[in-house]
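All of the numbers you see were taken from the coordinates with simple rules; none came from a lab. All values derive from a computational prediction rather than experimental measurement. Counting neighbours? That spans all protein chains shown, and the Cβs are built from the backbone with ideal geometry, glycine included.
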Amino acid sequence: METMVLKTNRKIQASFSLLATLFWLAIILGLGFIPRVWAEQPKTEIVGMDEHLGGYADLEAWFVSSEGDTVQLKDLVDRPTVLSFVYFKCPGICTPLTGGLLEVVDKIDMAPGVDFKVITISINKDETPDIARRKKQNYLKSMSRTIDDDDWWWLTGDSANIARITKSVGFNFKRDGDDFAHPAVLTILSPHGKIARYLYGITFNPYNLKLAILEATEERIGPSIAKVIQFCFSYDPEGRKYVFNLLKVVGVVTFVFAIGFVVTISYLSRKRE
């Protein structure tokens with residue numbers, strides 16, 4: 001009787017082992033298949049954020065203010081600073097991004113110019129201070145609170161200086177004729193130019209911005225969900241929107257499920273022994 005039970009247990013164990021081996025084989029083949037599928041997708045210039053949390057923005061860059069004055073970023077960033085990149089003739093995401101920034105600055109229970117500053121930089125080298133001035137006036141007129149000109153800077157510059165600041169904070173964009181593909185993000189800098197946090201999207205919670213500003217004040221950095229966003233979503237330059245990376249997510253979910261399945265099988269096999 002004991003011999004029969006032992007043989008039965010061995011058969012069950014062998015079945016579990018075979019099943020586990022097949023599962024691992026499927027996973028290995030799947031992991032080899034998914035990269036090939038990704039590789040077959042058309043390659044485009046990278047558009048999005050390459051986070052440099054804890055790094056420093058290049059404040060040596062020079063720009064021209066909306067009033068026509070030549071300024072250097074290191075002279076403007078003397079307190080926590082909310083940095084945004086847009087272009088003023090943008091037909092797409094720039095308008096809701098700037099509108100969302102204006103709305104949160106209007107609502108936050110902190111004083112612009114005292115607790116923080118805002119700097120908006122055009123990524124289009126062809127735009128002029130006159131365009132920046134008109135945009136600034138239109139936006140600030142719609143605010144319910146009054147802020148000084150030095151509380152929110154609107155800057156234009158040449159391609160070299162634009163590249164210096166955008167690359168230093170990890171902001172990757174692509175020009176397509178008169179338009180640009182770019183991420184929707186705010187970069188929060190400390191008074192010394194340290195990158196404290198990134199806030200993504202076109203609408204912003206006043207509490208999140210306040211927390212980011214407080215962290216920047218203390219030269220601390222805060223986490224963001226950028227890596228999850230970048231993994232689950234990719235930016236479509238033609239459609240100017242983020243699209244869901246179904247293949248990546250399904251691959252990871254399948255892998256995690258398989259690991260859990262194999263662990264469960266191993267546990268049950270040992271328990272039967």
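Give the percent of DSSP beta bridges with both residues in the range 48-224 that are antiparallel, rounded to the nearest 5. Intermediate results must be reported in sequence, preceding the final value.
On the way: 20 of 31 bridges.
If we restrict to bridges inside the range 48-224, about 65 percent are antiparallel.
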Go ahead and collect, in residue order, the members of the range 76-101 whose backbone nitrogen is under 11 Å from a label point 7 Å along the Cα-Cβ direction of MET143. none
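Under a Cβ-Cβ cut-off of 12 Å, what is the net charge of the residues other than ALA163 that fall near it, where Lys and Arg count +1 and Asp and Glu count -1?
Working: positive: LYS125, ARG164, LYS167, ARG175; negative: ASP58, ASP158.
Computed value for this residue: +2.
Taking the Cβ of VAL118 as the center, what net charge do the other residues with Cβ under 12 Å away carry, scoring Lys and Arg +1 and Asp and Glu -1? Walk me through the numbers on the way to the answer.
Numbers: positive: ARG79, LYS117, LYS136; negative: ASP106, ASP115, ASP148, ASP149, ASP150, ASP151.
Local net charge: -3.
Subtracting the Cα-Cα distance from 0.36 nm times the residue separation, let me have the gained length for LYS125 to ALA160 in nm, one decimal.
Details: separation 35, 0.36 × 35 = 12.60 nm, distance 0.90 nm.
Length gained between LYS125 and ALA160: 11.7 nm.
Are there GluC sites (Glu not before Pro) in the range 194-225 that DSSP puts in a loop and that have at most 16 other Cβ atoms within 10 Å, and which ones? Kindly include the intermediate steps, with their values, before the conclusion.
Numbers: sites: GLU215, GLU218, GLU219; in loops: GLU218, GLU219.
Taking the range 194-225 and a limit of 16 other Cβ atoms within 10 Å, the loop GluC sites (Glu not before Pro) found are GLU218, GLU219.
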For the range 48-224, build the charge dipole from Cβ charges (+1 Lys, Arg; -1 Asp, Glu) around the Cα centre, then report which of ASN208, THR120, ASN161 sits farthest towards its positive end. ASN208
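Cα convex hull of the range 48-224: mean projected area in nm², to one decimal?
About 8.6 nm², averaged over all directions.
Give, as a single signed number, the net charge of other residues whose beta carbon lies under 11 Å from the beta carbon of PHE88, with Lys and Arg counted +1 and Asp and Glu -1. Don't jump to the answer; show the numbers that get you there.
Values: positive: LYS89, ARG133, ARG134, LYS135, LYS136; negative: ASP126, GLU127, ASP130.
That works out to +2.
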